[in-house]
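Undergrad: My questions all concern the structure below.
The values are calculated or read from the model by the stated rules, or taken from the named source; none is laboratory data. Since we're looking at a predicted model, the values are computed, not measured. Quick reminder, even Gly has a Cβ in these numbers, built from the backbone with ideal geometry, and neighbours come from all protein chains shown.
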Amino acid sequence: MSQPTLVLFEDQYFAQLLPLAYFRPVWALRCGMRTLAQKIEQDLGQSPLFAARTYLEETVLPGQRLLSVLPPEADILMVNGRLLGSSLELEVLNQLPPGEALDCDGQLVAARLTRDRVQKFRTNGIVDAAALKDTLNSQAIGCTLIQYPWDLIRHHQAEMAADFHALSSSVNAVQQPPSFVHLLGAENTLIAPDVSFKPGVVLDAEEGPIVIESGVEIMANAVIQGPAWIGRGSRIKIGAKIYGGTAIGPICKVGGEVEGSILQSYVNKQHEGFLGHAYLGSWVNLGADTNNSDLKNNYGPVRVLFNGKTFDTGMQFLGLIMGDHSKTAINTMFNTGTIVGVNCNIFGAGMPPKFVPSFSWGGAEGLAPYRLEKAMEVAERVMARRDVPFGDRERRLFEAVWTLATQTEQRSADN
């Protein structure tokens with residue numbers, strides 16, 4: 001039997017992963033040292049095609065990798081982009097017969113069918129997974145589908161060990177750092193040959209693995225405690241304290257104190273300040289001495305507010321969740337479990353609300369709408385500093401995100 005083509009899809013539950021999923025498909029979110037897509041792709045040994053929201057297919061995803069390039073009769077294995085690949089034996093997916101499906105707690109995990117059949121259940125690129133599942137012979141399995149942004153933090157540290165094992169088998173060249181770097185647990189490290197170290201750096205991999213990718217610069221007296229992952233081209237500033245469970249994506253600049261957090265890419269957190277059990281989208285900039293709380297004074301479970309609804313996460317530690325292109329002024333403070341949308345500018349004394357809608361400007365004393373044109377103007381200026389173009393495609397992406405945000409998020413009367 002020939003192997004079906006692997007296709008990652010988005011279902012209607014993508015909206016529960018906002019604001020982190022505005023500018024990317026759900027499978028591009030990171031949990032551990034790899035994105036959700038990388039876990040599935042690398043562990044199944046097959047590069048996937050994609051079925052995402054229409055505006056993402058038109059602006060973010062490469063056209064040659066879309067489901068639409070396949071002929072109508074193509075045999076495909078549809079896999080939910082929210083699947084945490086380590087939560088089941090992925091070989092189960094490859095063994096799925098045509099016309100069969102797998103579900104977890106009633107939500108579609110995977111299905112084997114033709115491209116033409118899937119397309120009948122897509123609206124604006126989103127697969128109506130519930131309706132599709134009802135047409136298939138579905139078997140319940142145990143696995144993890146990421147439901148909310150804080151689930152990425154919940155599973156993050158445990159995923160880092162599994163990801164290190166996967167990365168260990170795929171890395172060809174590593175280095176031992178210079179003698180002026182204090183290294184503990186050398187067997188738990190993967191360091192690219194061109195990583196730059198300055199004197200006084202401490203790499204402590206005794207409690208978990210450390211992976212440092214190509215082009216990273218580690219400045220003097222920085223301390224990195226495993227498990228940790230530093231993505232390509234990032235810079236760790238002088239005296240930085242990177243505690244265990246931290247994943248720093250490509251092209252980030254990080255200083256101060258960071259613990260148990262995920263930074264997607266192009267994040268600037270260069271200065272002093274504490275970031276704990278947080279998730280920052282791309283192009284976020286935190287002003288000097290920005291701090292978030294990640295533990296309530298009563299040590300109780302953290303509740304979050306999103307779109308007028310309160311969720312009990314059941315987690316004792318949860319910090320800031322901030323969408324792409326948002327920024328803070330110096331000395332900004334965030335309460336435990338605060339959610340900030342995309343393209344926000346937070347400033348002023350006191351703590352802002354625990355939910356800040358996308359495209360907002362202000363802080364504790366009140367929020368005002370942030371004009372789309374102004375947001376795009378700032379993004380273009382910021383991205384130019386990293387030699388990343390902001391053209392018609394990026395403009396269309398911003399416009400689509402703004403439309404979705406205004407349709408999805410509730411803005412209170414005093415905002």
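Undergrad: Any chance the stretch 370-382 includes a residue that's touching a strand residue (DSSP E or B) at 6+ places or on another chain (Cβ under 6 Å) and surrounded by 15 or more Cβ atoms within 10 Å (Cβ to Cβ)?
TA: Yes, the stretch 370-382 contains a residue that is touching a strand residue (DSSP E or B) at 6+ places or on another chain (Cβ under 6 Å) and surrounded by 15 or more Cβ atoms within 10 Å (Cβ to Cβ).
Undergrad: Given the condition in the same structural domain as Gly260 (by TED's automatic domain parsing), basic (Lys, Arg) and more than 19 Å from the chain's Cα centre (by Cα), answer yes or no: does some residue in the stretch 343-363 qualify?
TA: yes
Undergrad: If you don't mind, there's one more thing I want to ask. Determine if the stretch 189-207 includes at least one residue that is in a helix (DSSP H, G or I) and either within 30 Å of Pro25 (Cβ to Cβ) or free of Cβ contacts under 8 Å to residues at least 24 places away in the same chain (or both).
TA: no
Undergrad: State which residue is nearest to Ser86 (Cα to Cα) when the search covers only the stretch 155-199 and only residues that are small (Gly, Ala, Ser) and crowded, with 16+ Cβ neighbours inside 10 Å.
TA: Ala162
Undergrad: For Arg82, state whether it is touching a Leu at 6+ places or on another chain (Cβ under 8 Å) and closer than 20 Å to Gln264 by Cβ.
TA: Yes; evaluated as a whole, the condition is true for this residue.
Conditions (1) in contact with a strand residue (DSSP E or B) (Cβ under 7 Å, 6 or more places away or on another chain); (2) modelled with pLDDT of 95 or more; (3) closer than 22 Å to Trp402 by Cα, marked per residue:
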site	(1), (2), (3)
Tyr22	no, yes, yes
Trp27	yes, yes, yes
Arg53	yes, yes, yes
Arg65	yes, no, no
Ser68	no, no, no
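Undergrad: How about the stretch 364-375: which of its residues are more than 22 Å from the chain's Cα centre (by Cα) and either in a helix (DSSP H, G or I) or more than 23 Å from Phe347 (Cα to Cα) (or both)?
TA: Leu372, Glu373, Lys374
Undergrad: Of the residues Lys327, Lys296, Lys309, which single one is on the phi < 0 side of the Ramachandran plot, among the charged types (D, E, K, R) and modelled with pLDDT under 95?
TA: The unique qualifying residue is Lys309.
Undergrad: Could you count how many residues in the stretch 50-101 are without any contact (Cβ under 8 Å) to a residue 40 or more places away in the chain and among the hydrophobic types (A, V, I, L, M, F, W, C)?
TA: So the answer is 5.
Undergrad: Continuing with this model, one more query. Here is a check on your reading of the model: is Leu44 at pLDDT below 95 and either surrounded by fewer than 24 Cβ atoms within 10 Å (Cβ to Cβ) or outside the structural domain of Asn343 (by TED's automatic domain parsing) (or both)?
TA: yes
Undergrad: Also: Among the residues of the stretch 62-78, is any under 30 Å from Ala278 (Cα atoms) and surrounded by 20 or more Cβ atoms within 10 Å (Cβ to Cβ)?
TA: no
Undergrad: Which of the residues spanning the stretch 255-277 are in a loop (DSSP other than H, G, I, E, B), in contact with a strand residue (DSSP E or B) (Cβ under 6 Å, 6 or more places away or on another chain) and under 18 Å from Lys237 (Cβ atoms)?
TA: Ser261, Val267, Gln270, Gly273
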